[in-house]
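Asks: What follows is a single structure, and I will ask about it in a moment.
What follows draws every value from the coordinates through simple rules; no lab data is involved. As the structure is a computational prediction, the values presented were derived from the model and not from experiment. Every residue, glycine as well, gets a Cβ built from its backbone with ideal geometry; the counts of neighbours run over all protein chains shown.
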Amino acid sequence: MGIVRRTMILMFMIGVVMITGCGNHSIIENNQPALESTPVREEIVVWHTYSEKETQVFENILIPLFEEEYPLIKIIPVRQSYNAQLKSAIISRASANKPPDIIRMDVVWVPSFAKLDLLYPVSEFEDFDHIKHQFYEEPLQSNFYNGNYYGVPLNTNTKVSIYNRELLEASGYDQPPETMDEFKNLIKKDQYVIGVSGLTTWETLHYFTGFGGSVTDPANTRATGYLDSKKSVDAVNQLLTLYQSGKLSPGLLEGNANTWQGVIDGNYFVIDEGPWFYSVNHPEDIELINELTVAHPFPISDGTRAPLGGENLVISKATKHKESAWEFLKWMTKVEQQTYLAQTGLIPANRLVELSGFFDAFPYYQTYLDSLDDVLLRPTVSQWLNIDAIYEEYLTLILTEKISVEEGLQRAAIEIDQILEDEKGR
């Protein structure tokens, strides 16, 4: 190899070493910050059943406000119809670890989803105890199942008595009856008809319990000895007497009682209904309704009035965004957000929301708020809807005189006990 060639190879090798050395030096002492990865924006799918007016507030006002405050969380709302197909769809998708991440759910659905192990117990979040004081007690308890809370109350409701004003004044009463005993005495005195739209527990349980009946023991472990007790038999006999004497809506068994128009026209002395009796109407129609009717808390008996209704927010156990979903739940139950939804006619579950300014626009609010501390919480058992169906079936058989009161309640109690026996395994 010639001298020139050897010299060129040596110079090449020295150059490589120098370049490598300079490269290592720049890596070690480069003071420029390393490139950071772009934060990933989480997407939270929320299924809801809001009405059109409620959806406008939820999707066009609240969600943009949340995403402004939490820019790394994107909320994808999906409006659904409230029906049995919705429940099946939620079960199917949650079982397959698919969205939604959050569901706005009827209060009576929560135990059944918790039993199926499809909901995340929100009471396991460290700050849950810090927020639960803000809710009305019974709406909060509707989320409690087997030692855990599986959601937070979002909006609440119950039923109040709505009297025909002219008939109430003609009865000689200055104001509607406060207790069930006063109510029964008033109905007995005159040939007044109570507007009842059906025989489900939502439609009649408050009459049944108000007359002294009970479906289960306080712990919701058995119906025998309670649903078929002497007090319950007497309560159903009172309902049967009212029906036979024409003091319950003649069309209640056919589902055409037409209670809303009936109380306005004076065909019914009183009905009981949720706040949608008012909220679905235009303001001028509400004004006319208030002229023709009088709203008052359902007559109290043994500390309770009418059943609790409403919706809770729950987190699917299948979600991959548990912490972000929890942030959204907490955010939705804050005073400001609840106040926005109150403008649609929904009753906030947060007791700290100041609603006095809404009474002019929503004059019925006060009556429902006055009822919330005495609502009747339907048993938080996973198969409550099946119990409800048994209750309705046998009450129908009794009112149509196809079975005696005693036999009907005994058979219903046995069937419900079979359901509650399964519940004990939880």
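Asks: Under a plain spin-label model, where a point goes 7 Å from the Cα along Cα-to-Cβ, how far apart in nm are Q244 and N258?
Replies: For the pair Q244/N258, the computed spacing is 2.8 nm.
Asks: Classify segment 168-209: rounded, prolate or oblate, from the alpha-carbon gyration tensor (a ≥ b ≥ c, eigenvalue square roots; a/c under 1.5 rounded; otherwise prolate if a/b is larger than b/c)?
Replies: prolate
Asks: Next question. Taking the Cβ of L242 as the center, what net charge do the other residues with Cβ under 12 Å away carry, scoring Lys and Arg +1 and Asp and Glu -1?
Replies: Local net charge: +3.
Asks: Something else about it: Give me the tail of P(r) for segment 193-295 as a percent: Cα-Cα pairs with distance above 16 Å.
Replies: 63
Asks: Quick one: check the C-alpha center-to-center distance for segment 301-322 versus segment 248-264, whole angstrom.
Replies: 29
Asks: Pick out, from V57, A114, Y136, the residue whose Cα sits farthest towards the positive end of the charge dipole of segment 30-163, with +1 on the Cβ of Lys and Arg and -1 on the Cβ of Asp and Glu.
Replies: It is A114.
Asks: Something else now. Report the label-to-label distance for V280 and A361 in nanometres (one decimal), using points 7 Å from each Cα along the Cα→Cβ vector.
Replies: Rounded to a tenth, the inter-label distance reads 2.1 nm.
Asks: Could I ask something else about it? Once R0 is set to 60 Å, what does the formula 1/(1 + (r/R0)^6) return for the Cβ-Cβ distance between I419 and V40, expressed as a FRET efficiency to the nearest 0.05?
Replies: Approximately 0.85, to the nearest 0.05.
Asks: Once amide H atoms are built 1.01 Å from N in the peptide plane, which residues 5 or more positions from F135, or in another chain, come under 5 Å H to H?
Replies: Amide H neighbours of F135: R351.
Asks: Right, next: By what distance, in whole Å, do the Cα atoms of segment 260-379 stretch along each of the three principal axes, largest value first?
Replies: 55, 35, 24
Asks: In terms of modelled amide H atoms, which long-range or inter-chain residues lie less than 5 Å from the amide H of L154?
Replies: Counting only residues 5 or more places away or on other chains, the set is E311, N312, L313.
Asks: Go through segment 39-48 residue by residue and turn each phi into a ³J(HN,Hα) via Karplus (6.51, -1.76, 1.60, θ = phi - 60°); whole Hz please, and just put x for glycine and proline.
Replies: For segment 39-48, the Karplus curve yields x, 7, 8, 6, 10, 10, 8, 10, 8, 9 Hz.
Asks: Now, a different point. Tilt of helix 405-425 relative to the longest C-alpha principal axis of the chain, in degrees (0 to 90, nearest 10)?
Replies: Helix 405-425 sits at roughly 20 degrees to that axis.
Asks: While we're here: Around I44, which amide H atoms from residues at least 5 apart in sequence, or from another chain, sit under 5 Å from its own amide H, with H modelled in the peptide plane?
Replies: K74, I75, I76
Asks: Stretch E401-E291 to full length: gain in nm at 0.36 nm per residue minus the Cα-Cα span?
Replies: The span from E401 to E291 would gain 35.7 nm if fully extended.
Asks: Output the antiparallel fraction of DSSP beta bridges having both residues in the chain, as a percent to the nearest 5.
Replies: Expressed as a percentage, antiparallel bridges in the chain total about 65.
Asks: Let me ask another. Which of the following values of volume of the Cα convex hull per residue in Å³ was calculated from the structure shown: [x] 154; [y] 166; [z] 199?
Replies: Matching entry in [x] 154; [y] 166; [z] 199: [z].
Asks: Say R0 is 22 Å: what FRET efficiency, to the nearest 0.05, do L72 and Q343 get from their beta-carbon distance?
Replies: Efficiency, from the Cβ-Cβ distance: 0.15.
Asks: Per DSSP H run of at least 4 residues, take -39500 (n - 2.57); add these up for the chain, divide by its residues and hand me the 222 nm value, nearest 500 deg cm²/dmol.
Replies: -13000 deg cm²/dmol
Asks: Taking θ as phi - 60°, what are the ³J(HN,Hα) couplings along segment 104-109 by the Karplus curve (6.51, -1.76, 1.60), each to the nearest whole Hz, with x for Gly and Pro?
Replies: 8, 10, 4, 4, 7, 7
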